[in-house]
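Here is the structure we will look at, set down as structure tokens.
The numbers here are math on the coordinates, done by the rules we state, and not lab data. These figures come from a predicted structure and were not determined experimentally. With ideal geometry, Cβ positions are generated from the backbone for all residues, glycine too; neighbour counts draw on all protein chains shown.
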Amino acid sequence: MKRTKKIIYILFFIIICNFASTEERFPSPEFSRGYQIPGMEYPLVKDTLFVYFDIIILIIFLYGTVFFIFKRRSRHGIFFITFLSLLYFGFYKKGCICSVGSIQNVTLSLVNADYLLPFSALMFFLIPLLLALYYGRVFCGSVCPLGAIQELIIIKPLKIPPFLKNILTIIPFLYLGLAVFYASVTGDFIICRFDPFVGFFRLSASFHMTIAGILTLISGMFIARPYCRFLCPYSVLLGLCSLLSKKHLTITPDNCIQCRLCENSCPLDAIIKPATDEQVSIKTKKIRKIIFYIVLTPLIVFSFAFLLPSFTPFFLRNYSSTPLLSAVENQEANEKIDIIKQNDSVLVKEDSNLEPQLKKRNPLLEKKIRQGLFWLGLYLGIVLVIKFITIYQKRSNKDYAIDKFSCVSCGRCMEYCPVEEVNKNV
């Protein structure tokens with residue numbers, strides 16, 4: 001396994017050097033009148049035969065991972081698909097289209113009738129979620145290029161204190177809420193704009209995002225998959241689907257003998273230890289805390305719902321001059337703006353009367369932002385209450401078990417199980 005990793009690392013860096021000399025696939029359009037392109041990014045994906053081929057490759061990789069997990073129980077096979085996925089979906093396809101970023105495409109299509117949702121974006125959004133309902137987060141384990149690049153650089157993962165982990169795991173929920181808010185209200189795709197790895201895939205990131213990507217990779221050597229665990233908004237949806245999964249990766253193919261060899265095998269801390277007698281029984285103190293948070297739920301939820309709209313001026317200041325989608329929806333502005341739909345993105349030809357009309361749009365945009373922040377606050381309040389309650393939930397597992405929400409099905413734990421080795425030798 002170690003020799004295989006060394007060979008893959010060498011090939012990995014050779015490919016990076018090779019891609020460094022390539023040209024940008026999607027050059028920015030040129031405007032004869034000095035028009036400045038708005039700071040909103042839309043993944044440029046063509047629904048051609050190549051896109052349908054991408055969907056087929058996605059399905060093949062996903063079911064290949066399922067095969068290696070449940071039929072062969074092979075960490076080597078999972079690792080091989082991880083490497084192939086990084087090459088194809090990462091460096092060859094430049095990270096586009098991405099299941100993580102497809103959240104924004106789906107959101108925008110639901111709130112804006114003028115935006116046509118690409119079939120590829122819909123499939124990349126739905127297929128991993130549907131598969132997670134039955135097999136868990138197999139997409140994260142080896143198919144997602146963002147997870148794959150982090151998987152290959154793990155050197156010596158460190159354990160994160162439980163209290164810090166509980167705080168950091170709230171961030172993906174916040175990021176998901178913000179991504180939906182920005183996509184629906186302003187049309188901004190912040191997931192694509194602040195993706196720390198897309199700069200490596202496209203070799204065109206800004207200085208700040210390049211630094212962010214480098215720091216993320218460096219931290220990923222010691223904190224396993226930091227983006228997957230503490231930032232990725234798509235992991236929230238996959239984790240919720242995984243909780244309902246009928247068939248999920250297990251540490252051992254047979255009965256657990258509690259040898260404790262797998263206890264520290266998971267770098268993501270997704271292995272649940274057997275519950276002690278104290279954890280099995282819910283003490284009166286825990287019950288009181290759970291009841292306390294349930295009673296306070298309306299207060300907490302509506303506090304966030306009415307607090308966040310007070311930040312409307314901040315958001316309005318950043319989007320009052322170039323609310324592209326708001327201008328498209330404005331009937332009066334439509335008479336002065338030539339909308340060109342090309343490659344599933346919206347381009348606006350400069351018009352001298354555009355700026356005054358956009359300023360007239362501000363009151364309507366302000367109302368839209370305020371409503372969006374209200375629902376965002378409502379969502380965050382509910383998330384916090386549920387998080388507090390789950391901290392005090394009852395545990396009843398008698399053997400080592402998998403945390404379905406956090407597990408990415410990387411298969412590391414299988415290598416440490418002696419029962420696994422016995423079954424293979426039989």
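Remark: the F222-R395 segment gains 59.4 nm on full extension, using 0.36 nm per residue and subtracting the alpha carbon distance. Here the Karplus curve 6.51 cos²θ - 1.76 cosθ + 1.60, taken at θ = phi - 60°, turns the phi angles of the range 112-118 into couplings of 10, 5, 7, 9, 8, 6, x Hz, with x standing for Gly and Pro.
Residues of the range 209-250 with an amide N closer than 17 Å to a point placed 7 Å from the Cα of L164 along the Cα-to-Cβ direction: 216-231. Taking 0.36 nm per residue of separation and subtracting the Cα-Cα distance, full extension of the segment from K156 to E263 would add 37.0 nm. For L240 and Y92, the FRET efficiency from 1/(1 + (r/R0)^6), where r spans their Cβ atoms and R0 equals 25 Å, is about 0.25. Using a/c under 1.5 as the rounded threshold, could you call the range 168-223 rounded, prolate or oblate? The axes a ≥ b ≥ c are square roots of the C-alpha gyration tensor eigenvalues, and prolate needs a/b larger than b/c, oblate otherwise. Oblate, because a/c is 1.5 or more while a/b does not exceed b/c.
Pairs from the list K156/K247; K165/K404; K246/K404; K165/K273 with a Cα-Cα gap above 18 Å: K156/K247.
The simple spin-label model puts a point 7 Å past each Cα toward its Cβ; for L364 and V111 those points are separated by 1.5 nm. Short-range pairs are left out: with C-alpha atoms under 8 Å and at least six residues apart, the relative contact order of the range 57-199 is 30 percent.
For the range 144-219, the set of trypsin sites (Lys or Arg not before Pro) satisfying both a DSSP loop assignment and a count of at most 13 other C-beta atoms within 10 Å is given as K159. Close amide H contacts of I272 (hydrogens built in the peptide plane, cut-off under 5 Å, sequence separation of 5 or more or a different chain): A401, I402, D403. Across the range 191-197, computed HN-Hα scalar couplings (Karplus, 6.51 cos²θ - 1.76 cosθ + 1.60, θ = phi - 60°) run 5, 5, 5, 10, 6, x, 10 Hz from first to last residue, x flagging Gly and Pro. Placing a label point 7 Å from the Cα of F314 along the Cα-to-Cβ line, the residues of the range 145-174 whose backbone N sits under 19 Å from it are 170-174. In terms of other Cβ atoms within 10 Å, V51, V180 run from fewest to most in the order V51, V180.
If the segment from S204 to I300 were pulled out straight at 0.36 nm per residue, it would be longer than the present Cα-Cα gap by 30.3 nm.
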